[in-house]
């Protein structure tokens with residue numbers, strides 16, 4: 001338990017932060033380095049718990065991965081270089097690890113067992129295991145492969161033509177990774193555009209994937225070659241300081257090296273729509289992922305409606321957007337976000353529950369929430385519920401509360417942002 005008392009922040013948040021590496025891209029850099037041929041070098045890798053779980057799993061699959069001050073060196077020998085693990089593959093709290101790893105293991109001619117923590121045990125896996133079984137993988141687990149622990153016996157896969165029933169980059173990526181090993185060409189159709197890090201990574205590693213108007217085509221039997229990856233800063237991590245800079249009086253924060261992938265920048269669009277004083281300076285380079293610096297200043301904000309195709313582009317930022325909305329004039333409505341119910345926690349209910357404890361006027365709906373703005377937040381005891389994004393959101397809420405906020409289970413934040421409190425404290429001195 002950690003008690004947070006940040007009343008000194010009312011003098012303003014001032015300073016510059018180098019945003020830690022993107023979690024989604026860090027995961028994928030390890031995975032693609034492991035299934036490519038040659039030595040992949042990764043810099044600005046995120047050493048959060050989730051990404052370390054991915055490293056652990058691939059080491060158990062026989063991949064040599066070295067960690068040093070410069071980053072990672074991954075010695076890949078292609079898909080065929082992976083070996084049957086002699087231990088259970090534990091993904092910890094990482095939904096990205098388990099779902100994408102299933103896509104890789106589905107095409108490998110050996111047996112693997114996958115488990116995770118209590119949260120992973122409640123997250124639905126049928127959305128991945130179902131189409132992988134159609135491709136030819138043998139997968140079993142609780143409720144016929146719907147929940148962990150999961151056993152996978154992979155092997156020869158057939159190509160698939162599949163329309164995703166939900167907007168999920170994890171499901172899409174798992175099927176793409178399986179399709180790289182399948183016989184023939186697979187077609188995957190999205191219901192809405194989701195983050196495209198997997199497609200960009202394939203091209204970076206010398207592979208080919210075609211994507212046009214939410215239709216993705218992948219040929220099997222491709223050989224990937226090692227690459228050097230510099231991981232951009234995680235916009236989902238930057239979001240907490242973007243909101244802090246907007247709602248704490250007399251603030252100006254510069255966030256360096258922020259990933260500006262257009263499938264992830266929904267948070268910036270929402271903040272601009274709400275009237276945030278925000279500047280974006282893209283880097284002019286040939287990086288496979290666009291990046292830049294973002295400056296945020298204290299802002300006058302107004303309510304908005306967040307819905308439709310915008311939701312997949314900011315799904316992880318909705319908890320902190322809810323806090324932002326409590327400080328805007330008028331009402332903010334978030335809908336079409338039922339996917340929040342199957343994250344690390346049911347983030348609709350958890351966000352509403354915890355912000356209500358602090359005096360917010362917020363209501364849960366079936367697929368989102370309604371927030372009445374202009375609220376003064378009070379202090380109190382709140383909990384992360386073991387969810388890193390809930391924990392960080394509540395820490396930012398403490399900055400504007402009129403009395404002390406005590407946060408239970410702050411250690412969950414290390415999943416994606418190990419230096420979060422150090423960075424926060426650097427702005428309040």
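The values are calculated or read from the model by the stated rules, or taken from the named source; none is laboratory data. Note that the structure is a prediction, hence the values are computed from the model and not measured. Positions of Cβ are generated from backbone atoms using ideal geometry, with glycine treated the same way; all protein chains shown enter the neighbour counts.
For the stretch 359-368, the candidate set comprises residues that are within 19 Å of residue 382 (Cα to Cα) and touching a helix residue (DSSP H, G or I) at 6+ places or on another chain (Cβ under 6 Å); within that set, the residue that is modelled with the lowest pLDDT is 364. Exactly one residue out of 198, 194 is modelled with pLDDT under 95, within 23 Å of the chain's Cα centre (by Cα) and outside any strand (DSSP E or B), and it is 194. Flag not set for residue 77, criterion: buried (at least 16 other Cβ atoms within 10 Å of the Cβ) and touching a residue at least 60 places away in the same chain (Cβ under 8 Å). The combined condition, being surrounded by fewer than 24 Cβ atoms within 10 Å (Cβ to Cβ), more than 22 Å from the chain's Cα centre (by Cα) and touching a residue at least 12 places away in the same chain (Cβ under 8 Å), is not fulfilled by residue 71. With respect to (1) buried (at least 17 other Cβ atoms within 10 Å of the Cβ); (2) outside the structural domain of residue 163 (by TED's automatic domain parsing), the lone exception for residue 207 is condition (2). Entry remark, the stretch 42-55: residues being out of contact with any helix residue (DSSP H, G or I) (no Cβ under 7 Å at 6 or more places or on another chain) and surrounded by 18 or more Cβ atoms within 10 Å (Cβ to Cβ) number 2 in total. In the set 173, 119, 156, 168, only one residue is modelled with pLDDT of 95 or more and surrounded by 17 or more Cβ atoms within 10 Å (Cβ to Cβ); that residue is 173. Pairs meeting the criteria (first residue in the stretch 95-116 and under 13 Å from residue 27 (Cα atoms) and not assigned by TED's automatic domain parsing to the domain that holds residue 222, second residue at pLDDT below 95 and not in a helix (DSSP H, G or I), beta carbons under 7 Å, at least 6 apart or on different chains) are lacking.
Within the stretch 310-366, the set of residues being under 30 Å from residue 125 (Cα atoms) and without any contact (Cβ under 8 Å) to a residue 12 or more places away in the chain comprises 341, 346, 353, 363. With a requirement of 1 or more residues that are touching a strand residue (DSSP E or B) at 6+ places or on another chain (Cβ under 9 Å) and more than 26 Å from residue 32 (Cα to Cα), the strands (runs of 3 or more DSSP E) lying completely within the stretch 226-293 that satisfy it span 252-259, 277-282. Taking the stretch 98-180 and the strands (runs of 3 or more DSSP E) fully enclosed by it, the elements with 2 or more residues that are touching a helix residue (DSSP H, G or I) at 6+ places or on another chain (Cβ under 7 Å) are at 111-115, 147-153. Can you name every residue in the stretch 29-53 that is over 18 Å from residue 208 (Cα atoms), in contact (Cβ under 8 Å) with a residue 60 or more places away in the chain and part of a helix (DSSP H, G or I)? The answer is 49, 50. The lone criterion from (1) closer than 19 Å to residue 247 by Cα; (2) in contact with a helix residue (DSSP H, G or I) (Cβ under 7 Å, 6 or more places away or on another chain); (3) outside any loop (DSSP other than H, G, I, E, B) left unmet by residue 350 is number (1). Only a single item in (1) over 16 Å from residue 395 (Cα atoms); (2) surrounded by fewer than 24 Cβ atoms within 10 Å (Cβ to Cβ); (3) modelled with pLDDT of 95 or more is not met by residue 338, and it is number (3).
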